[in-house]
Amino acid sequence: MNRIRLKLNRITAMLLVFVLTAAGGIAGPGEKVYAKDSNGDIVIVIDPGHGGYDGGANAGSTGDNESDLNWNIAKYMKAELETYVGVRVYVTRANNEWNTNTARAHMGKSVGADFVISIHNNSSSTASTNGFVAYGSVADGYVDATKNLCLNMARYAQAAGLGLFSNGYLTRPSGANPSMDYYTVIDEGVKSGIPTIIAEHCFLSNSSDAAFIHETENQRKVGVADATAVAEYFGLSKRTISDGQSVELDRSYSAYFIPANQKDGGISFASSDENVAHVRSDGLITAVNAGTATVTYTYADGTSGSCTFTTKPVVQVGVSAGINPTVYKSSEQIAAIDKSKVIVKAIYSDGTSRQMTSGYTIGDIDPYYEGRQYVNVSHNGFSASLLIRLDPGADAGNYSDYLYQIRGDYADIFTYPELVSISGVSGSPYTSNGFENSEKPTQPEATTQAQSETETAAEETTTLQEAESTAEAQSETTETQSESEAETDAGNTETQTTVSTTNDTTSVDSQKKSDVAEGQSTDSSDIKKEKKSMDWIIAVLLVLIVLMIALIVAASMSIKKNNRYNQSLEKRENKNRQSMDDEEPKRKRR
């Protein structure tokens with residue numbers, strides 16, 4: 001009986017562990033699940049599309065190359081995001097470098113990213129096509145996360161008063177497998193467990209869009225709007241410091257100096273060493289170079305205070321690797337790979353990455369390994385996996401030597417965050433009349449009416465837009481398919497799935513291709529049905545959680561009851577044993 005009870009105990013304990021594990025693994029539909037780094041920070045990888053000798057699309061009316069515009073938007077987006085607490089930001093390349101699409105996605109894996117956001121600008125054979133559009137994933141488990149961020153970025157592109165028309169959110173599945181993404185950067189991102197999106201900001205083939213994004217101030221506004229959308233999505237708030245406090249930040253990160261006793265009226269800020277800590281007129285301190293500085297504020301009435309600001313030295317924090325092409329049709333092609341053509345990038349604590357020309361090692365490549373093989377690449381004690389795929393049925397890519405070359409001089413992505421006000425979305429925690437009456441700044445939001453209008457514009461296709469939209473072949477440059485890295489045949493013309501947007505927009509970049517866009521509008525009744533469905537699912541999950549809690553309580557009570565029974569049984573056995581021991585001498589005497 002005792003053994004039976006002990007087995008029951010073990011079974012009950014196992015049930016308890018199972019219930020706890022199941023309860024911990026439940027995530028409601030659309031719930032954001034964050035990976036976070038060792039410091040508990042959200043990790044965002046910004047990917048400025050193209051680069052180096054790959055200029056991407058070109059604006060004929062202004063002469064702008066897409067890659068340069070992507071870089072500038074990424075620069076301002078990074079600077080603004082780094083004013084928030086609880087986030088780390090990395091970029092996939094330097095200004096004069098290129099990177100493979102697979103490597104861009106895999107860099108996210110190297111730094112433990114929560115999201116990879118690929119920054120692009122668009123082009124179309126139809127000059128009238130214009131506006132912002134974002135591409136999310138069709139992969140199971142990534143649809144909601146990517147859709148929500150895409151719509152948030154689309155909403156800010158329009159709501160922030162940038163003058164950009166919002167085409168909302170699109171997806172493009174692979175023709176061979178509808179549950180996989182067509183674009184390599186998205187496909188490889190989700191295969192690495194990282195939600196990944198492409199944000200196409202303007203159509204460079206449209207004279208109005210091209211003129212807008214040509215202006216540096218508008219590039220800055222677009223970058224700030226992107227950063228604000230990401231910060232809102234993750235619930236981030238501005239980083240602050242006050243009188244007598246000290247902060248230690250990596251280069252390019254910022255914090256707002258908020259006086260302990262805030263007053264209306266004139267105030268000035270000063271840094272003891274601008275080369276270490278640069279302070280803006282509204283009190284935003286940015287880490288510049290390694291060292292420590294004292295930052296002070298002074299009111300017109302003489303009231304003053306100070307804080308201590310330390311900039312950490314820049315150190316390497318990781319490495320990533322890629323090769324062009326990634327996909328090969330034969331073992332002979334893989335055996336002929338020149339390892340010197342592997343693109344190895346060192347990743348640094350200030351979020352930058354630089355292409356290495358030496359000092360790294362690449363492991364053995366098996367030319368007969370069919371499928372996806374991962375080759376170890378190491379640099380300065382950091383390791384990454386280089387993906388090489390052998391697929392005899394794939395449409396293998398061609399090696400492009402010029403893409404590996406560095407073009408022109410290196411330009412640091414570092415920039416001081418500038419105060420940009422976009423329709424109520426301000427980069428500063430201060431109002432025009434002084435300080436907000438709060439202990440720390442929060443992200444201002446657009447008015448409810450404006451927000452409602454822009455959400456409707458981003459999520460719904462109007463009757464007029466539907467009438468104007470036709471399924472037409474677009475002249476497209478496929479930045480994410482150019483290396484033949486995706487699992488699909490790049491030569492096929494595929495149908496583009498459009499979600500909650502007009503259907504005359506297609507993603508574009510460096511190599512021309514003809515695609516057919518197919519629109520799918522979402523009306524208000526569908527949205528209501530989706531909300532009701534979500535409410536029902538949430539209700540079911542809540543019931544399941546309650547049942548699990550009840551099971552946990554029951555299991556716990558059963559364990560306690562069994563323990564008491566075992567203790568009682570053990571006492572009884574000990575008593576019987578003692579009684580038998582007492583009887584033994586009597587038997588011997590007889």
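The values are calculated or read from the model by the stated rules, or taken from the named source; none is laboratory data. None of the values given here were measured: they were computed from a predicted structure. Glycine also receives a Cβ, built like all others from the backbone with ideal geometry; neighbour counts cover every protein chain displayed.
Which one of these is at positive phi, without any contact (Cβ under 8 Å) to a residue 60 or more places away in the chain and of a type outside the set (Lys, Arg): GLY235, GLY168? Break it down stepwise before answering.
On the way: GLY168 fails: without any contact (Cβ under 8 Å) to a residue 60 or more places away in the chain.
Sole residue among the options that is at positive phi, without any contact (Cβ under 8 Å) to a residue 60 or more places away in the chain and of a type outside the set (Lys, Arg): GLY235.
I'm trying to understand the selection: among the residues of the stretch 215-235, which are touching a Leu at 6+ places or on another chain (Cβ under 8 Å) and of a type outside the set (Val, Ile, Thr)? Spell out how you get there, then give the answer.
First, pick out the residues of the stretch 215-235 that are touching a Leu at 6+ places or on another chain (Cβ under 8 Å): 218-219, 221-222, 225, 227, 229-231, 233.
Those that are touching a Leu at 6+ places or on another chain (Cβ under 8 Å) and of a type outside the set (Val, Ile, Thr): ASN218, GLN219, LYS221, ALA225, ALA227, ALA229, ALA231, TYR233.
Looking at (1) at pLDDT 95 or above; (2) out of contact with any Cys (no Cβ under 9 Å at 6 or more places or on another chain), can you tell me which one ALA210 breaks?
(2)
Looking only at the stretch 389-421, how many residues end up being surrounded by 15 or more Cβ atoms within 10 Å (Cβ to Cβ), at pLDDT below 90 and not in a loop (DSSP other than H, G, I, E, B)?
3
Can you spot a residue in the stretch 336-349 that is hydrophobic (A, V, I, L, M, F, W, C), closer than 30 Å to ARG389 by Cα, more than 31 Å from the chain's Cα centre (by Cα) and not assigned by TED's automatic domain parsing to the domain that holds TRP98?
Among the residues of the stretch 336-349, at least one is hydrophobic (A, V, I, L, M, F, W, C), closer than 30 Å to ARG389 by Cα, more than 31 Å from the chain's Cα centre (by Cα) and not assigned by TED's automatic domain parsing to the domain that holds TRP98, which makes the answer yes.
Which of the residues belonging to the stretch 372-382 are in contact (Cβ under 8 Å) with a residue 60 or more places away in the chain and crowded, with 16+ Cβ neighbours inside 10 Å?
The first filter runs over the stretch 372-382 and keeps only residues in contact (Cβ under 8 Å) with a residue 60 or more places away in the chain, leaving 379-380, 382.
Selection gives HIS379, PHE382.
With SER110, SER67, SER124 as the choices, which residue is farther than 17 Å from ARG407 by Cβ and over 18 Å from the mean Cα position of the chain (by Cα)?
Values: SER110 fails: over 18 Å from the mean Cα position of the chain (by Cα); SER67 fails: farther than 17 Å from ARG407 by Cβ.
Every option except SER124 fails the conditions.
Of everything in the stretch 106-118, what is under 16 Å from LEU149 (Cβ atoms) and either touching a Ser or Thr at 6+ places or on another chain (Cβ under 8 Å) or hydrophobic (A, V, I, L, M, F, W, C) (or both)? Give them in sequence order. Spell out how you get there, then give the answer.
Within the stretch 106-118, the first condition is being under 16 Å from LEU149 (Cβ atoms), and the residues that meet it are 108, 113-118.
The answer is GLY108, ALA113, PHE115, VAL116, ILE117, SER118.
All but one of (1) buried (at least 17 other Cβ atoms within 10 Å of the Cβ); (2) touching a residue at least 24 places away in the same chain (Cβ under 8 Å); (3) in a strand (DSSP E or B) hold for ALA293; state the number of the condition that does not hold.
(2)
Could we say that ALA277 is in contact with a strand residue (DSSP E or B) (Cβ under 6 Å, 6 or more places away or on another chain), within 21 Å of GLU188 (Cα to Cα) and not assigned by TED's automatic domain parsing to the domain that holds ARG93 here? Break it down into steps so the answer makes sense when it comes.
Values: in contact with a strand residue (DSSP E or B) (Cβ under 6 Å, 6 or more places away or on another chain): yes; within 21 Å of GLU188 (Cα to Cα): no; not assigned by TED's automatic domain parsing to the domain that holds ARG93: yes.
No; evaluated as a whole, the condition is false for this residue.
If we only count strands (runs of 3 or more DSSP E) wholly inside the stretch 332-372, which ones have 1 or more residues that are touching a strand residue (DSSP E or B) at 6+ places or on another chain (Cβ under 7 Å) and under 28 Å from LEU249 (Cα atoms)? Walk me through it before giving the result.
Details: elements: 343-348, 353-355, 360-362.
Ranges flagged: 343-348, 353-355.
Just wondering, is there one or more residues in the stretch 238-250 that are farther than 24 Å from PHE309 by Cα and modelled with pLDDT of 95 or more?
Start the filter on the stretch 238-250 by keeping residues that are farther than 24 Å from PHE309 by Cα, which leaves none.
Scanning the stretch 238-250, I find no residue that is farther than 24 Å from PHE309 by Cα and modelled with pLDDT of 95 or more, so the answer is no.
Return the only residue of ALA270, ALA225 being closer than 30 Å to PHE165 by Cβ and small (Gly, Ala, Ser). Walk me through how you get there before you give the answer.
Details: ALA270 fails: closer than 30 Å to PHE165 by Cβ.
Unique residue meeting the criteria: ALA225.
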